[in-house]
1. Sort through GLY336, GLY315 and tell me the only one that's in contact (Cβ under 8 Å) with a residue 24 or more places away in the chain and on the phi > 0 side of the Ramachandran plot.
2. Scan the range 11-41 residue by residue and report those that are within 30 Å of ASN215 (Cβ to Cβ) and in contact (Cβ under 8 Å) with a residue 12 or more places away in the chain.
3. Given ALA294, ALA341, which one is modelled with pLDDT under 90, aliphatic (A, V, I, L, M), within 20 Å of LYS610 (Cα to Cα) and surrounded by fewer than 18 Cβ atoms within 10 Å (Cβ to Cβ)?
4. Go through the residues of the range 357-365 one by one and say whether even a single one is out of contact with any helix residue (DSSP H, G or I) (no Cβ under 9 Å at 6 or more places or on another chain) and either at pLDDT below 90 or farther than 18 Å from THR423 by Cα (or both).
5. Within the range 68-90, work out how many residues are open to solvent by 70 Å² or more (accessible area, probe 1.4 Å) and in a loop (DSSP other than H, G, I, E, B).
6. Out of the residues in the range 11-48 that are at pLDDT below 90 and of a type in the set (Phe, Trp, Tyr), state the one that is most open to solvent (accessible area, probe 1.4 Å).
7. Identify all residues within the range 522-542 that are touching a residue at least 12 places away in the same chain (Cβ under 8 Å), open to solvent by 40 Å² or more (accessible area, probe 1.4 Å) and not polar (S, T, N, Q); write none if there are none.
8. If we keep just the residues of the range 297-318 that are out of contact with any Asp or Glu (no Cβ under 9 Å at 6 or more places or on another chain) and at pLDDT 90 or above, which is most open to solvent (accessible area, probe 1.4 Å)?
Amino acid sequence: PFLPYGYCLIIEYALLGIILARVLMAAKLQTFFRGVNLTYRSNLAMVIDYAMILLGFCDAFYFSFFPSAKIRVAPFIRFGLAVTVPWVNDVVRSFVQVSKSIVTIGVFLLGTVVIFAWVAAMIFDDLGEKDEYGMNVNQGFENFGNSLYTMFVTMTTAILPDVMIPSYEHNRIFLFFWMPFYLLAVCIFTQVILATVYSQYGDQVTERVKQGHKNRLSGIRLAFDTLRTPDKLTKHGKQEDVVRFDQFVALVQMLRNFSGYSLIDEQYLRVCFEALDDDKSESLNAQEFVDMCAVLQTKFYVTKRDSWVREQLEGSACGGLFERAMSNGAEGPDFGCCPPAWAESKFSGSLFDKMMNVILGMNVVWMVVQSVYDLNDIPEPSWFFTIDMIFSFGYTLEVAMKLCWWSFEEYWVSNDNRFDFVTTMVLAGAGIAVLCFNVSRDFLRLLNLLRLVRLLKALNNIPAYEETVATICRMITTCGDVLVMNMLMIYLWSAWGLQLFGGQLFESNPILKDQDLAYFESHYQVYNFNDMGLAMVSMFFVTITNWNAPLVDATLALYRHFTFDWYMSCAFWLTFYVGSPLIAFNVFTAFSIDVFCKIEEMSDPENFKKSDVERNLEKMQAEMAETGWILHIQESSELQREKIYAAMFAEEDKDGDNANEGSGGDAAGEDAGPGPEQKVQEDGR
């Protein structure tokens, strides 16, 4: 509905062509790998790729001539192509294994629902009277079918405690029917399912982490054996096999042609190499080689710290005043606007920083005063506009002062500074537009709301807040796999729902017109399946709320009972409940809590042990800062995630792995390396 029909077809054919080219390239690589008795991709994956692309072209061709077709297989083809991606395939396999693990407890839960539904039908079907509120006592239990559906939805907690009001108000003794069901179905079996699915998922990730470590170390040992010098050299007082620096650079250059994981620039390879080469022998032993391979997933870049203005004022009286305003007087080197985690910032807490925080607080108070006037329809004095303009232009002083203190490249390293720069320019531009052009003053006031976001940034001065935000950001990055699992569930069932219910959920539909549905009474019409976006929004809310009775009732009412379409609708909702709220979302909930706790534990300095390379890099950062240059070091998200995975799932296997892995085991356990997704058999790296 958002693009013309012709454009949609052009884009779809173009994307299918690009995917076909990728598959043909993978097939060519497969022939090369077979020549050395290796496998780039499995034959099954190649067959699935070709089948999905063929179906995709057939579907697009059919849609070209029949654009009004209600049923399309394109969404399912996209899902099939996604499954052939190695890391997505790992997620799908984990989901399948988790689904198998709950069969036993699922049977017990289903049996509980069926038994209590049968008992409820036997008890309530003959109770035709109404309670004092005018509701039928047997509402939802008129027959076994209705009773089964009611007990199932009750198990999801979507209609609690409303479902028991008629019977409980009629006679308090019915509490002895409801409470055992709640205890068994809601409090025990569903929680056991949660524990089971997370335990099984943990086992799956543990196996992936262990296999990833083994694959990684095997590949590193093979590379080391290939690159090592013919003769052993003396390192740390003993004869060892080593790899020269020039050989390692050649390896990195070769890897850049095949992998996007090497983030480090070639000009900083020497920096990393020297950080590892303690004895300055221009060579790395096996242990240092393993550490260096982990460093390849780290981004290094150097910025000049001081601005031209700061350099010109250095040593003068004005320069001294400037330094007292911009520095908090802390001892040690100045690491610029983004100091390492182990170093203390010289700007945070400075006189200028405190002044800007006070101005920001005054701005928030001023916005509260304005909102009081606005919400109570009190006419605003004319001088309100003057204060708005002062605040709009006032933050340009902060940007100017920081750019006079730090170079622009150093200033731009910080995401906070980038946000400040953009918002300040927007507010200043809006102020100029109001003064010079015919622009509404309300527009300027609306833009001033951006300052509220800056208040959150000011809270970073509180250590507990800063640590919590950093932990949550790392948690979201680490939970990528389980988030993808949930998104795949929502996407796949949204595509299915689009075929079943698309364009039918409207009040004037003759099928729904004479039915008493809460879907229309509650104005739920916005939750529908008219297009893929709306369908995914609807299924998202079903996921996070476990169930949505008005929406489900409306979709089931579209078809006569016991017809094929009605059975398909029942299967749609039942399988989605099991797959998304019961499995995928429960895994995400438990996994995110576990990740948060583990990151908190890893952030504790007492639990953190620095390696030799980290200590050498810190020393190098301090030496460069003394000369006015800042070395910034940033781990890739993949490396951060694999470190957390290793700490969560592979700790119990560390001793055994180290015994088998020799000198490289410790580094693998600590640095995690490229991670389990980079399997030799999967992607040939």
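The values are calculated or read from the model by the stated rules, or taken from the named source; none is laboratory data. As the structure is a computational prediction, the values presented were derived from the model and not from experiment. Virtual Cβ from ideal backbone geometry, glycine too; neighbours counted across all protein chains shown. Side chains included, ligands, DNA and RNA excluded: accessible areas come from the protein's heavy atoms. Shrake-Rupley method; radii C 1.70, N 1.55, O 1.52, S 1.80 Å.
1. Step by step, each of GLY336, GLY315 is checked, and only GLY336 is in contact (Cβ under 8 Å) with a residue 24 or more places away in the chain and on the phi > 0 side of the Ramachandran plot.
2. The answer is ILE19, LEU20, VAL23, ALA26, ALA27, LEU29, GLN30, PHE33, LEU38, THR39, TYR40, ARG41.
3. ALA341
4. Within the range 357-365, one or more residues are out of contact with any helix residue (DSSP H, G or I) (no Cβ under 9 Å at 6 or more places or on another chain) and either at pLDDT below 90 or farther than 18 Å from THR423 by Cα (or both).
5. Number of matching residues: 3.
6. PHE32
7. Scanning the range 522-542 gives TYR524, TYR527, MET532, MET536, PHE540, PHE541.
8. TRP308
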